[in-house]
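See structure below.
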Amino acid sequence: MTYLSPTSPITNEAEALKAARASAISIFIGVVVGVIGAIWTLTHPELVQAAIAQATAQNPEAGQAAAASAQFGMYFGYGMILVQLVLGFIQWRSPNKIIAFIFLALIVLGFVSTAAVPLMAGVVPNMPVTPIWQIALSLVIMAVQFVLHLTGLKGMKKLDQLQMDQAR
């Protein structure tokens, strides 16, 4: 498992491929987290309904918009899980730097938005409070994914270098 570390040396093509596939492992971690979130949302519909009811009590039009947004958000989330799963398989079969860079950018965006949640709770009235343990867990998972993508990029670079050397 040393090939999952971005600091470990890569000496041959097999190690380079394993390191490159770390990017796919990171994507699959995101799929697992997404599936857990989807299952949690499906098994706790009362929390979504409570948020919609709160929005409706304040403003009936906002309640309708909140209900539509919640429904769209759930379907969008399911679609993103499927897209991640497909990209994970593509990344596993043929590691691609573009996919890794896209996911690195998304992880950075995730870091910023997750870190902003406590700040937003103090600014936005009636925003549901996210427990600090959830925020911390999300940040740790994203940090692991970030490191795995960096390892994947290192493996892809070495794989390209080894293949170019063989071609000469």
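Each value in this text was obtained by applying a stated rule to the coordinates, not by laboratory testing. Just so you know, these numbers come straight off a predicted model, no measurement behind them. Backbone-built Cβ (ideal geometry, glycine too); neighbour counts: all protein chains shown.
So here's what we get for this one:
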read-out	value
Rel. contact order, % - alpha carbon contacts under 8 angstrom, at least six apart, the chain	46 percent
Burial order of peptide ranges 38-45, 27-34 (average beta-carbon count within 10 Å, highest first)	27-34, 38-45
Helical mean residue ellipticity (222 nm; -39500 (n - 2.57) per DSSP H run of 4+; nearest 500) of the chain	-29500 deg cm²/dmol
At least 27 Å along the helix axis (C-alpha) and Kyte average at least 1.6, DSSP helices within the chain	22-43, 97-123
Charge dipole magnitude, Cβ of K and R +1, D and E -1 - the stretch 19-167, Cα centre, debye nearest 20	560 debye
Cα centroid separation, the stretch 95-120 to the stretch 137-168 (Å)	17 Å
